[in-house]
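Below is one structure; the comments refer to it alone.
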Amino acid sequence: MLGILPVLALAMRIDGQTDGIGMANRLLAAELHTLQPQLDQRAASQSRIAHMQSRLATLNDQTALRARAASLLRAASAAALPEIRLYRIALQPRAGELRGHAADVRDIQAYANALLHAGMERVAIQDLRATDRHADDGRYDFTLSLPFSPPPLHGDRHDDRPADASVPP
């Protein structure tokens, strides 16, 4: 009898602990079931935030492109010379491009200098071709490249907005 008593006490203790662990598991499962909608909502919110951040980046790029287009058109109109005839103004991701023709190379160089004075930081003659060599007045087709300054990096901002508005996990 004395040998069975410790074994029974140990069995009762194991059964009590097993029941306690089973109750704790059921309680945790119920809490997980209660919190699951909140976890799903958080995941959906993070997905929406990522989509909105992507859309904001796209809109910021479009805004920068519009500002570059406006500055390019403003400089082209401010630097206008009667000797220069533009037939194409193109906006590339990293540069603006002006194509036109003029009667003399000096007019093209004067136009490039006028663009510099109109606010464009750099102007390069990218292509220059004589199109009518046998005519008395001569004509040159040209392409001017106006590289844009790179956009500021996120760390270079001088405002009070946070650099990253994401929700921490």
| query | Any residue in region 58-79 that is in contact (Cβ under 8 Å) with a residue 24 or more places away in the chain and not in a helix (DSSP H, G or I)? | reply | yes
| request: Select from region 116-159 the residues that are at pLDDT 80 or above and of a type in the set (D, E, K, R) and list them in ascending order. | output: GLU121, ARG122, ASP127, ARG129, ARG139, ASP141
| Only one residue in ILE84, ILE49 is farther than 13 Å from PHE148 by Cα, among the β-branched types (Val, Ile, Thr) and without any contact (Cβ under 8 Å) to a residue 40 or more places away in the chain. Which one? | ILE84
| task | Looking only at region 96-106, decide whether some residue is at pLDDT 85 or above and assigned to a helix (DSSP H, G or I). | result | yes
| query | With respect to ILE89, is the statement that it is more than 30 Å from ASP141 (Cα to Cα), among the aliphatic types (A, V, I, L, M) and either assigned to a helix (DSSP H, G or I) or at pLDDT 90 or above (or both) true? | reply | no
| note | Going through region 107-133 in order, the residues found to be open to solvent by 80 Å² or more (accessible area, probe 1.4 Å) and in a loop (DSSP other than H, G, I, E, B) are GLU121, ARG122, ARG133
| message | Of the conditions (1) among the aliphatic types (A, V, I, L, M); (2) surrounded by 12 or more Cβ atoms within 10 Å (Cβ to Cβ); (3) assigned to a helix (DSSP H, G or I), ALA30 satisfies every one except a single condition; which number is it? | response | (2)
| request: Determine if region 68-75 includes at least one residue that is open to solvent by 80 Å² or more (accessible area, probe 1.4 Å), in contact with a strand residue (DSSP E or B) (Cβ under 6 Å, 6 or more places away or on another chain) and within 26 Å of ARG139 (Cβ to Cβ). | output: no
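The values are calculated or read from the model by the stated rules, or taken from the named source; none is laboratory data. No experiment lies behind these values; they were computed from the predicted model shown. Glycine gets a Cβ as well: all are built from the backbone with ideal geometry, and neighbour counts include every protein chain shown. Just so you know, the surface numbers come from the protein's heavy atoms only, side chains and all, with ligands and any DNA or RNA stripped out. Shrake-Rupley method; radii C 1.70, N 1.55, O 1.52, S 1.80 Å.
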